[in-house]
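First comes the structure, then the notes that go with it.
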Amino acid sequence: MKPTVFASILPRPDFKLLVSWLVLCGSIALHVTDEATHNFLAVYNPSIVILRERVPWLWLPVFTFRVWIASLSIFIALLVLLGYFLARGARWVRPIFFAISLVMIANGVQHTVGTVLGRTVASVHFPRPMPGFYSSPVLIVASVYVLVQLCKTRQSSLQP
């Protein structure tokens, strides 16, 4: 019987990194679900329109629900696929894991701050909590978990 891809990573220190990455992917999916079920685009799109008026060089898209949910679904699938490359021994995914983790921490913090303020920009107010707030702590914790595992496995990634 041929061993699976993930069986080849079991004895390696990167196994916990892989698990942490998959947990983060799951928390991103949970976060997107939280946003989708609480009408996130009703807050995001008006905020982006105002930001683009104030900062013309800032290009951020305005989404329809179908495009937004399809784009995020593809994004999450690609993130899960990166776990496959880690399992195959690819080290080039580590900086991507680091960057995505930092972005997700910022995303979770942004939802928390938005909830506290009750607005995104001065003229875009919403009833609290901000869409995506409930899953933000999970997103932040999962992101920190990936960063911790990246630090713990740093030395093993330097070895051939």
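Of note:
- Checked against the criterion of being outside any helix (DSSP H, G or I) and either surrounded by 12 or more Cβ atoms within 10 Å (Cβ to Cβ) or hydrophobic (A, V, I, L, M, F, W, C) (or both), the candidates V62, V67 yield just one match: V62.
- All conditions in (1) modelled with pLDDT of 90 or more; (2) in a helix (DSSP H, G or I); (3) surrounded by fewer than 16 Cβ atoms within 10 Å (Cβ to Cβ) hold for A7, with the sole exception of (1).
- Taken together, the criteria exclude L139 from residues that are of a type outside the set (S, T, Y), surrounded by 12 or more Cβ atoms within 10 Å (Cβ to Cβ) and either within 16 Å of D14 (Cβ to Cβ) or in contact with a strand residue (DSSP E or B) (Cβ under 9 Å, 6 or more places away or on another chain) (or both).
- Hits in segment 86-102 - residues which are among the charged types (D, E, K, R) and assigned to a helix (DSSP H, G or I): R94
- Every test in (1) modelled with pLDDT of 95 or more; (2) part of a helix (DSSP H, G or I); (3) more than 17 Å from the chain's Cα centre (by Cα) is passed by C25 save one, and that test is (3).
- You will find that of A36, A42, the residue that is in a helix (DSSP H, G or I), closer than 18 Å to T120 by Cα, at pLDDT below 95 and of a type outside the set (V, I, T) is A42 and no other.
- Pairing each residue of segment 84-106 that is free of Cβ contacts under 8 Å to residues at least 12 places away in the same chain with any residue that is in a helix (DSSP H, G or I) and among the aliphatic types (A, V, I, L, M), provided the two are 6+ apart or on different chains, yields C-beta distances under 9 Å for F85/V93; A90/L82; V93/L82; V93/L86.
- Residue within segment 115-123 that is farther than 22 Å from L51 by Cα and either in contact with a Cys (Cβ under 6 Å, 6 or more places away or on another chain) or assigned to a helix (DSSP H, G or I) (or both) present: no
- Picking from residues in segment 55-76 that are of a type in the set (F, W, Y) and at pLDDT below 95, the one that is nearest to A42 (Cα to Cα) is W59.
- Any hit, segment 107-123, residues being within 18 Å of L150 (Cα to Cα), under 13 Å from the mean Cα position of the chain (by Cα), touching a residue at least 24 places away in the same chain (Cβ under 8 Å) and surrounded by 19 or more Cβ atoms within 10 Å (Cβ to Cβ): no
- Hey, S101 small (G, A, S), within 15 Å of the chain's Cα centre (by Cα) and surrounded by 16 or more Cβ atoms within 10 Å (Cβ to Cβ) or not: yes
The values are calculated or read from the model by the stated rules, or taken from the named source; none is laboratory data. Please read these numbers as outputs of a predicted model, since none were measured by experiment. All Cβ positions, glycine included, derive from the backbone under ideal geometry; neighbour counts span all protein chains shown.
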